[in-house]
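Below is one structure, written out as C-alpha cells; the observations come after it.
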Amino acid sequence: MKNIKIGLLIFGLILLNSCKDAQKNNIDKETQSELEVSEKSNLQTDKDLVIGSWKDTSESALHFTLFADGTAQSDNMATLLYKNWRLDGNTIIFTIESIGNKTSSTDEEVYEIQKLDENELILKKENRSYKYIKSNKKDDDNEKFVMIDTEEVNEMVTKEKQNLSAQDVMKLYYPLQAEGVEGNEKIEIAEKISDNGNAVVTLIHDNLLDDSVKGEKHIMELKRAKDRWTVVSIKKNWKCRKDRGHTDWGIKMCK
C-alpha cells in the first residue's frame with residue numbers, strides 16, 4: 001500500500017512538471033513570435049532611416065544618397081559609383097561600380113550597421129568603422145544625378161595664371177556660360193559659400209536648342225586651398241521636353 005502511495009506521488013510530480021514544461025514552451029513560442037514581429041518592425045524602421053543623403057566624415061569624403069526604390073548614387077565621386085543598396089538584418093549591401101582607365105567593374109560590398117538614427121550612420125567592415133552624417137534637406141534631395149570626372153577641369157584651373165572665382169571655374173567647365181546663349185535659351189547661375197570657405201555653384205541651362213532635352217542642371221562643389229579652387233565634385237541631370245520623357249529633373253534618357 002505504501003509503495004502504491006509513493007508511486008502515485010511520483011506520478012503526480014511528473015504530471016505537474018510536464019504541465020509546467022508545456023506552459024513554458026507555449027510562453028517561449030509566444031515570446032519568440034513577438035520578437036520576430038519586433039525584428040521585422042525594426043528592420044522596416046531602419047530602412048526608412050537609411051533613405052537619404054549621407055556625408056562621409058573622413059578625409060575620403062565618399063558621400064552618397066540612398067533612394068527608397070533601392071537605387072543609390074555617389075554624390076561627389078565619378079570613379080566610385082554607388083548603384084544599388086539593400087538591407088539584410090543588421091547589414092547593408094552596396095552594389096558599387098569602379099571606373100578605371102577605359103575599364104569598369106561592379107562588386108558588392110557588405111557593411112555591418114553599428115549605429116543608425118535620424119542623424120548618424122556608422123558602418124563597419126572588417127576592423128574599420130565609417131561614420132556618416134545625414135545631410136540637411138535640400139531641394140535636390142530626391143533628385144538623381146550623373147557624376148562628372150573632375151580631372152580635366154582641375155587641370156584647366158591649374159593652368160590659369162589669374163585668381164579665379166568659383167563662378168569662373170564653372171565657366172571653364174561650362175563655356176556656354178561665358179559665350180552666351182541664343183534665342184529663348186537661359187542660363188542661371190547661383191553660388192553659395194559655406195562657413196569653412198568652400199563653395200557650391202549651381203548652373204541651370206534652360207530652353208536648350210535641342211529637340212529632346214529642355215534643360216540641364218550642373219552642380220559643382222569646390223574647396224579653397226592656397227588661394228586656389230579645387231573642384232571636389234561635379235554632378236548633372238536634365239529634364240526633357242513635353243512628350244519626350246520626364247519633365248522634372250532626372251537622369252533617364254529623353255526620347
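The values are calculated or read from the model by the stated rules, or taken from the named source; none is laboratory data. No experiment lies behind these values; they were computed from the predicted model shown. Backbone-built Cβ (ideal geometry, glycine too); neighbour counts: all protein chains shown.
Quick grid of which residues meet (1) in a strand (DSSP E or B); (2) modelled with pLDDT of 85 or more:
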position	(1), (2)
I10	no, no
S18	no, no
I27	no, no
T45	no, no
L49	no, yes
A61	no, no
N76	no, no
I96	yes, yes
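Given Q167, Q114, which one is polar (S, T, N, Q) and assigned to a strand (DSSP E or B)? If you could, list the steps in order and put the result at the bottom.
Values: Q167 fails: assigned to a strand (DSSP E or B).
Testing whether each residue is polar (S, T, N, Q) and assigned to a strand (DSSP E or B) leaves just Q114.
Which numbered condition trips up E188, out of (1) touching a strand residue (DSSP E or B) at 6+ places or on another chain (Cβ under 6 Å); (2) crowded, with 16+ Cβ neighbours inside 10 Å?
If we test E188 against (1) touching a strand residue (DSSP E or B) at 6+ places or on another chain (Cβ under 6 Å); (2) crowded, with 16+ Cβ neighbours inside 10 Å, just (2) comes out false.
Please go through segment 63-74 and pick out each residue that is crowded, with 18+ Cβ neighbours inside 10 Å and not in a loop (DSSP other than H, G, I, E, B). Walk me through it before giving the result.
Filtering segment 63-74 down to residues crowded, with 18+ Cβ neighbours inside 10 Å leaves 63-66, 72-74.
Correct list: F64, T65, L66, A72, Q73, S74.
So for segment 163-174 (the condition being modelled with pLDDT under 90, within 20 Å of T230 (Cα to Cα) and out of contact with any strand residue (DSSP E or B) (no Cβ under 8 Å at 6 or more places or on another chain)), does at least one residue qualify? Please lay out each step first, then the result.
To start, the set of residues in segment 163-174 that are modelled with pLDDT under 90 comprises 163.
With the extra rule that they be within 20 Å of T230 (Cα to Cα), the set shrinks to 163.
Okay, now just the ones that are also out of contact with any strand residue (DSSP E or B) (no Cβ under 8 Å at 6 or more places or on another chain), so none.
No, there is no match, as no residue in segment 163-174 is modelled with pLDDT under 90, within 20 Å of T230 (Cα to Cα) and out of contact with any strand residue (DSSP E or B) (no Cβ under 8 Å at 6 or more places or on another chain).
Just give me the residues in segment 221-255 being among the acidic types (D, E) and under 25 Å from the mean Cα position of the chain (by Cα), in sequence order.
Just the residues of segment 221-255 that are among the acidic types (D, E), to begin with: 221, 227, 243, 248.
Hits for segment 221-255 are E221, D248.
Suppose we keep only residues that are out of contact with any strand residue (DSSP E or B) (no Cβ under 6 Å at 6 or more places or on another chain) and of a type in the set (G, A, S) within segment 213-249. Which one would you say is farthest from A166 (Cα to Cα)?
G245
Per-residue answers, yes or no, for (1) free of Cβ contacts under 8 Å to residues at least 60 places away in the same chain; (2) small (G, A, S):
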site: R224; (1), (2): yes, no
site: D227; (1), (2): no, no
site: G245; (1), (2): yes, yes
site: W249; (1), (2): no, no
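Checking E151 against (1) modelled with pLDDT of 90 or more; (2) touching a helix residue (DSSP H, G or I) at 6+ places or on another chain (Cβ under 9 Å): exactly one of these is not met. Which one?
(2)
If R244 passes every condition in (1) assigned to a loop (DSSP other than H, G, I, E, B); (2) closer than 30 Å to K159 by Cα but one, which one does it miss?
Looking at each condition in turn, R244 falls short on (2).
Determine which member of the set I133, I193 is at pLDDT below 90, closer than 21 Å to K235 by Cβ and among the β-branched types (V, I, T).
Values: I133 fails: at pLDDT below 90.
Among I133, I193, only I193 is at pLDDT below 90, closer than 21 Å to K235 by Cβ and among the β-branched types (V, I, T).
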